[in-house]
Amino acid sequence: MKKQIEKAAEILKETLSVAVLTGAGVSAESNIPTYRDADGLWNQFQAQDLATLEAFSKNPATVWEWYSYRQQLMLKCEPNPGHKIFVEMEKYFPEFTLITQNIDGLHQRAGSKDVVELHGNVMKARCMKEEEKVFDFIAGDNYLPKCEDCGSLIRPHVVWFGEMLDSEVIGKATSAAANCEVFIMSGTSAVVYPAAGLPLIAIRNGAKLIEINLEETPVSDYAEISIRGKSGEILPEIWKLVKGDK
Ligand code: BJW
């Protein structure tokens with residue numbers, strides 16, 4: 001493990017252009033549940049009943065109640081040392097793109113200025129009728145919230161299964177993956193597409209992949225360095241070596 005951490009730091013010291021993909025594991029140390037771990041959301045709740053447009057169309061109040069509960073949980077959480085290293089990286093590398101699948105906004109709360117949110121943001125909502133109307137929204141106990149302008153139902157501004165990602169957002173992420181020298185992936189099971197395709201795009205275009213995750217993922221075999229550990233512990237160790245030697 002120590003050797004891998006040192007090797008990751010060596011690679012980063014020689015690098016100008018970095019893209020990062022984070023997933024729920026990066027926020028696990030902030031006490032936000034992941035999706036597919038043993039205690040993850042999809043082991044407690046049925047995704048098809050809560051995270052699809054069909055579910056929302058059938059029972060918007062149930063879906064909003066779940067999102068309201070998660071908003072309240074996430075509002076109580078604070079960024080952890082893993083989030084903070086990406087703030088440092090943004091200042092340090094001439095070219096840096098932070099791509100996240102997370103909807104919790106913790107990267108921004110840690111201080112990251114530019115975050116590509118692939119799956120939206122749970123603290124935002126949008127009008128069902130005029131989809132371009134996106135706004136900050138905390139549901140509280142209002143489980144059938146309406147658009148203040150047109151009275152239509154509003155929905156959480158997140159990407160559910162079977163929905164397309166915003167084309168500008170996935171375009172920016174794809175371009176960063178295709179053009180970086182090093183792609184760092186942390187805290188994601190790398191099974192949800194199109195996000196899971198980004199490290200493969202990076203590798204195909206000559207980038208080195210550094211993975212930090214508790215468990216092996218479908219892309220671990222393609223990684224230059226694949227470290228099994230917590231992002232909030234491993235990333236600071238790597239970063240100490242990168243900064244210490246420069
Ligand atoms: C730690 C740690 C610590 C823990 N430190 N590590 C069949 C084949 C291929 C694709 C498809 C298919 N059938 C359907 C699809 C498409 C589908 C998809 O990919 N499904 C797969 C599951 C099979 N994708 C979509 O539907 C996407 N849209 C799309 O493709 O449109 C075109 C299309 C339309 C119709 C049909 C087909 C294509 C949209 C995906 C939207 C995902 N939405 C969610 C919910 C967001 C809202 C909400 O939260 O309520 O996004 S699902 C959930 O998964 C969430 C996450 O962003 C996403 C990824 O999860 P993530 O972050 O990887 O978390 P986990 O829990 O899976 O992993 C955590 C990891 O961290 C683990 O490995 C731990 O070990 C590790 N870890 N603690 C480091 N401290």
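Annotations
- Scanning region 224-246 for residues that are more than 9 Å from the ligand (Cβ to nearest atom), assigned to a loop (DSSP other than H, G, I, E, B) and under 25 Å from residue 37 (Cα atoms) gives a single hit, 224.
- The set of residues in region 91-106 that are more than 22 Å from residue 29 (Cα to Cα) and surrounded by 23 or more Cβ atoms within 10 Å (Cβ to Cβ) is empty.
- Among the conditions (1) closer than 30 Å to residue 15 by Cα; (2) of a type in the set (Lys, Arg); (3) open to solvent by less than 60 Å² (accessible area, probe 1.4 Å), residue 109 misses just one, which is (3).
- Among the residues of region 112-131, those that are within 16 Å of the ligand (Cβ to nearest atom), open to solvent by less than 20 Å² (accessible area, probe 1.4 Å) and free of Cβ contacts under 8 Å to residues at least 60 places away in the same chain comprise 120, 121, 122, 125.
- Taken together, the residues in region 1-53 that are charged (D, E, K, R) and in a loop (DSSP other than H, G, I, E, B) amount to 5.
- Matching entry among 217, 174 (being outside any helix (DSSP H, G or I), free of Cβ contacts under 8 Å to residues at least 60 places away in the same chain and within 19 Å of the chain's Cα centre (by Cα)): 217
- Restricting attention to region 211-223 and to residues that are acidic (Asp, Glu) and within 11 Å of the ligand (Cβ to nearest atom), the residue that is most open to solvent (accessible area, probe 1.4 Å) turns out to be 216.
- Filtering 58, 3, 7 for residues that are surrounded by fewer than 18 Cβ atoms within 10 Å (Cβ to Cβ), over 20 Å from residue 162 (Cα atoms) and without any contact (Cβ under 8 Å) to a residue 40 or more places away in the chain leaves a single hit, 3.
The values are calculated or read from the model by the stated rules, or taken from the named source; none is laboratory data. Worth saying up front: this structure is predicted, and the values here are computed from it rather than measured. No Cβ is skipped: glycine too gets one built from the backbone with ideal geometry, and neighbour counts run over all protein chains shown. The area values use the complete protein model at the heavy-atom level, side chains included, leaving out ligands, DNA and RNA. Shrake-Rupley method; radii C 1.70, N 1.55, O 1.52, S 1.80 Å.
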